[in-house]
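Asks: Structure in structure tokens, see below.
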Amino acid sequence: MQIMSVVGARPQFVKLAPMARALAGRCDHVVVHTGQHYDAAMSDVFFDELDIPRPDEHLDVGSAPHGAQTGRMLEALEGVLERRRPDAVLVYGDTNSTLAATLAAVKLGIPVAHLEAGLRSFNRSMPEEHNRVMTDHAADLCLAPTTGAVEHLRAEGLGDRTVLVGDVMTDVLFAVRDRDRSLRAEEARIASSASLAPTSPYVLATLHRPANTDDPERLGDVLDGLEAVGRSGRTVLLLAHPRLRARACSSGVALDRPGVVVAPPVGYPELVDLLGGADGVVTDSGGLQKEAFLLRRPCVTVRSDTEWPETVTLGWNELVGDRPVEMAERLAGLTCPQTDATPYGDGRAATRAVDAMLARFGG
Ligand code: UD1
């Protein structure tokens, strides 16, 4: 049996790592990279550091407006699928690569499994919300990371094709966290030639959502908020996504500010190290909110909604999308009650996902 994984953007490479490991030896696994992310720091570094097999096909679609980008992927993927004829296609998360692969496969009658199915922000202005809803409804197998995701799928009439497997991000985070520390330090050194971690207490920050970067007034408010965090006694280490740099430059909003250190994006082991050493997190990333919770780091999320509500209800994450300038006070005010709750699974989600795929698609 052949399963084809289609990935294209940074968080998908991280999720591919435990899936590739769990699929190895159980079926023929083909990896297709759409090329949505192409900078070495956004793509190659993950394959190198997480020991992911090199993609069997690379489509090189690159950046473009959403319609053009999705359309180019759809056309290129159709050719690959017709040539390779996999028994099932595995898609990850909620990016344009996810939607394109799903559409290409279902139109050729090839079954689709969706990993990270059932998440909902209920924010219809986010492209990811449409990508995940459309993917879930087209998929033959919805692999849900949380009980909340299962409830969403049931409410939408998709319960009979849903399996709760847990979250593969937990698998990869725990595996990397538990690797030998000196090995990780060496990997980080090779990746960036010097540790980025400030020697004083610091808050780790990432920003990349268009809702925060693309309007100069909003971007100014968010960066004023970060500057206030930096002035409150903890350095802000801002890992700047290419879009953030580009928009800050074109709108004349300064990223370099007192108390804020700007650095390039990092690979995954280095991110885990930096997160482990941080006093807190400011982000608009879905993955980092959850990783902060899993390593028990207080987090404020620069959005008004989240696909990971458990981080908020358990008291470790607060949504500050309405008033980003207040993020310093809101981060300081988080109570972060101790908890042994495991809403994101036990670190064995990838094996369950493979079991579910082989059971559904035959193996
Ligand atoms: C995409 C996903 C988002 C995910 C994020 C992780 C969609 C709709 N969005 O957003 O869900 O959280 O990936 O990072 O699929 N760029 C580069 N180099 C690269 C990649 C991008 O310079 O390697 C720049 C380009 O200017 C590009 C912009 O970043 O136009 C945005 O990239 P894109 O892939 O469209 O979306 P992301 O914002 O990265």
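Each reported figure results from applying straightforward, stated rules to the coordinates on display, with no laboratory input. Here the structure is a predicted model, which means the values were calculated and not measured. Neighbour counts are summed over all protein chains in view; Cβ atoms, including those assigned to glycine, are modelled from backbone coordinates with ideal geometry.
Asks: For the chain, what does the helix formula give at 222 nm: sum of -39500 (n - 2.57) over DSSP H segments with n ≥ 4, over the residue count, nearest 500 deg cm²/dmol?
Replies: Estimated from H runs of four or more residues: -14000 deg cm²/dmol.
Asks: Note down the magnitude of the dipole of region 250-316 about its Cα centre, charges +1 on Lys and Arg C-beta and -1 on Asp and Glu C-beta and zero elsewhere, to the nearest 20 debye.
Replies: 120
Asks: Please give the charge dipole size of the chain, origin at the Cα centre, charges +1 on K and R Cβ atoms and -1 on D and E Cβ atoms. Round to the nearest 20 debye.
Replies: 160
Asks: Still on this structure: If you rank 27, 299 by fewest surrounding Cβ atoms within 10 Å, what's the result? Numbers along the way, then the final one.
Replies: On the way: 27 18, 299 26.
Least to most surrounded, the residues fall as 27, 299.
Asks: May I pose another question? If we count every other residue with Cβ under 11 angstrom of residue 13's Cβ, Lys/Arg +1 and Asp/Glu -1, where does the sum land?
Replies: -1
Asks: Indicate the gyration tensor shape class of the chain (rounded, prolate or oblate), computed on the Cα atoms with a ≥ b ≥ c the square roots of the eigenvalues: a/c under 1.5 is rounded; otherwise a/b larger than b/c is prolate and the rest oblate. Kindly include the intermediate steps, with their values, before the conclusion.
Replies: On the way: a/c = 1.57, a/b = 1.53, b/c = 1.03.
Judged from the Cα gyration tensor, the chain comes out prolate (a/c at least 1.5, a/b above b/c).
Asks: Here's something else I'd like to know. Using just the C-alpha positions of region 243-286 as equal point scatterers, what log10 of I(q)/I(0) does the Debye formula give at each q in 0.16, 0.30 1/Å?
Replies: -0.58, -1.21
Asks: Moving on. Of the candidates 338, 69, 12, which one comes out as most mobile in a Gaussian network treatment of the chain with C-alpha springs shorter than 10 Å?
Replies: Fluctuation is largest for 338.
Asks: Suppose R0 equals 25 Å; then what is the FRET efficiency for residue 154 and residue 84 from their Cβ-Cβ distance, rounded to the nearest 0.05? All intermediate terms of the calculation are to be shown ahead of the outcome.
Replies: On the way: r = 33 Å, r/R0 = 1.34.
Efficiency computed from Cβ-Cβ geometry: 0.15.
Asks: Which one, 20, 319, 198, is farthest towards the positive end of the dipole of the chain when Lys and Arg carry +1 and Asp and Glu -1 on their Cβ?
Replies: Ranked along the dipole, the leading option is 20.
Asks: Another question, if that's okay. Determine the relative contact order of region 190-279: mean sequence separation of Cα pairs under 8 Å and six or more apart, normalised by residue count, in whole percent.
Replies: Worked out over region 190-279, it gives 38 percent.
Asks: Please check: in the Gaussian network model of the chain (C-alpha springs, under 10 Å), which one of 90, 81, 141 has the largest mean-square fluctuation.
Replies: In this elastic network of the chain, the residue with the biggest mean-square fluctuation among 90, 81, 141 is 81.
Asks: Mark the label point 7 Å from the Cα of residue 224 along Cα→Cβ and return the residues of region 233-266 whose backbone N is within less than 18 Å of it.
Replies: Residues 248, 251-260 fall inside that zone.
Asks: Can you work out D for region 232-357 in µm² s⁻¹ from Stokes-Einstein, where Rh is the Kirkwood radius over C-alpha pairs, the temperature is 25 °C and the viscosity is 0.890 mPa s?
Replies: Values: Rh = 16.0 Å.
So the translational diffusion coefficient is about 153 µm²/s.
Asks: Next up: Take 107, 15 and order them by how many other Cβ atoms sit within 10 Å, fewest up front.
Replies: Ascending number of Cβ neighbours within 10 Å: 107, 15.
Asks: To the nearest 10 degrees, how steeply does helix 242-251 sit against the main Cα axis of the chain, on a 0 to 90 scale?
Replies: 50
Asks: Starting from 0.36 nm per residue, how many nanometres of slack lie between residue 56 and residue 339 once their C-alpha separation is accounted for?
Replies: 97.7 nm
Asks: Where nothing but the Cβ of Lys and Arg (+1) and of Asp and Glu (-1) is charged, how large is the charge dipole of region 189-329 around its Cα centre, in debye to the nearest 20?
Replies: So the dipole magnitude of region 189-329 works out to roughly 420 debye.
Asks: Given Cα pairs under 8 Å that are at least 6 residues apart, what percent is the relative contact order of region 85-144? Mind showing how you got there, number by number?
Replies: Details: 105 pairs, mean separation 23.9, N = 60.
Taking the mean separation of contacting Cα pairs over the length of region 85-144, I get 40 percent.
Asks: Something else: What spacing in nm lies between the two simple spin-label points modelled at residue 199 and residue 211, each 7 Å away from Cα in the Cβ direction?
Replies: It is 4.0 nm.
Asks: Give the shape of region 8-81 as rounded, prolate or oblate, defined through the alpha-carbon gyration tensor: a ≥ b ≥ c are the square roots of its eigenvalues, a/c under 1.5 means rounded, and otherwise the shape is prolate if a/b is larger than b/c and oblate if not.
Replies: Taking the square roots of the gyration eigenvalues as a ≥ b ≥ c, region 8-81 is oblate.
Asks: Please report the net charge: other residues with Cβ closer than 12 Å to the Cβ of residue 133, K and R +1, D and E -1. Spell out each step's value before the answer.
Replies: Details: positive: 120, 124, 132; negative: 94, 128, 129, 136, 156, 307.
Net charge in that neighbourhood comes out at -3.
Asks: So what are region 194-298's ellipsoid semi-axes, whole angstrom, largest first, if each one is the square root of 5 times an eigenvalue of the alpha-carbon gyration tensor?
Replies: Equivalent ellipsoid semi-axes, largest first: 21, 15, 13 Å.
Asks: Report relative contact order for region 274-346 in percent, whole number only (criteria: Cα-Cα under 8 Å, sequence separation at least 6).
Replies: Numbers: 109 pairs, mean separation 18.4, N = 73.
Taking the mean separation of contacting Cα pairs over the length of region 274-346, I get 25 percent.
Asks: Under 10 Å, Cα contacts only: if you run a Gaussian network model on the chain, which one of 237, 23, 288 comes out with the highest mean-square fluctuation?
Replies: 23
Asks: Order by neighbour count: 268, 92, fewest other Cβ atoms within 10 Å first, most last.
Replies: Working: 268 22, 92 27.
In increasing order of surrounding Cβ atoms, one gets 268, 92.
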